[in-house]
Amino acid sequence: MISQSKKRNQQRQPLSHLTHKTKIQHFHAMWLSDVHLGSIDCKAEFLLHFLNHSQCDYLYLVGDIVDVWALKKRVYWPDSHDKVIKKILELAASGTQVIYIPGNHDEAFKAYADSHFRGVTLAKQHIHESINGKRFLMLHGDQFDSQVCVSRAYAKLGDHLYDVLLWLNRQLHAVRSSMGYPYWSLASYIKLRVNKAQQAINQYRNAVLRYAVKKQVDMVICGHIHQPELSQHTLNQHHLIYANDGDWVENCTLIAETLEGDVQLLKWDEQTLQAETVRNIQLARQDDNKITPQKQHVA
């Protein structure tokens, strides 16, 4: 008979199928946000597998990579979380340019903007020039909270409800895993069907777009709201692309620039062990961008 302590230790082990060989995916640049290392809901094993099987010239960490808020409540730092940090530092040491833009959950690092640590550069905002000469502005997005939340009370209520959704997520994932099913986000599924949540997402997107127009960029990349998206917009006769990385708590998504200069919204798939294309935008030097939709929703 297996003891209860041994059972618990077995449950903490990484998923065995993540050790299978997978082909390397190559990108010019990758944008990750809202990983929330230090949180029990972080999908660190999935992210680690992706990082171990991908290569890029530029890696941008667009906020909430480490969840300092969660760590203040209780210390949770399993081996997989430590390995993600080590992998990022390994990439920086091997020639990948790594830039870290702190968000609200890791806002303690904002005080170190414009400094460098083991090959990682910290910044408040950053502009990336694409292969096709486009200017991509990246920021976490927490500075737009006042334009989205009706009041502090509603914001706190939303946080508590989100915690409940993530708890339900964990319970469902445990059941699905025991039955051999891959990860699926209940939280994202519910958010996409709640009118108030959709209203907040729309308000957030509009606030980010207005800021991007002021900065005269071609694309803005953000995170913060855990809602992955890649879409084109026209605001005040200014054409630009809105990209949200999503997260590695619910969706396991990222934004990437391919070696051909395309911009993609990718979702890591537990069954294929690959980052699959959800949406693709072909960028040319002229304003004749073409969109190739793959799916309507990530969830």
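The values are calculated or read from the model by the stated rules, or taken from the named source; none is laboratory data. Here the structure is a predicted model, which means the values were calculated and not measured. Don't worry about glycine lacking a Cβ; one is built from the backbone with ideal geometry, like all the others, and counts go over all protein chains shown. Only protein heavy atoms, including side chains, enter the accessible area calculation; ligands, DNA and RNA are left aside. Shrake-Rupley method; radii C 1.70, N 1.55, O 1.52, S 1.80 Å.
Packing here is the average count of other Cβ atoms within 10 Å per residue, and on that basis the peptides 95-107, 202-214, 60-72, highest first, run 60-72, 95-107, 202-214. Peptides 42-49, 233-240, 217-224, ordered by how many other C-beta atoms sit within 10 Å of their residues on average, highest first, read 217-224, 42-49, 233-240.
Just the number, please: carbon plus sulfur as a percent of the accessible area of segment 200-249, 1.4 Å probe, no ligands or DNA/RNA counted. Carbon and sulfur together cover 43 percent of it. Computed in the context of the full set of protein chains, the accessible area of segment 31-121 at 1.4 Å probe radius has 53% of its extent on carbon or sulfur. Pairs from the list 124/196; 83/110; 43/86 with a Cα-Cα gap above 18 Å: 124/196; 83/110. With the charge dipole of segment 230-280 set up from +1 on Lys and Arg Cβ and -1 on Asp and Glu Cβ about the Cα centre, the Cα lying farthest toward the positive end among the listed residues 261, 272, 236 is that of 236. Dipole size of segment 208-258 about its Cα centre, with +1 on Lys/Arg Cβ and -1 on Asp/Glu Cβ: approximately 340 debye, rounded to the nearest 20.
Per residue, the accessible area of segment 172-224 comes to 52 Å², computed with a 1.4 Å probe over protein heavy atoms only.
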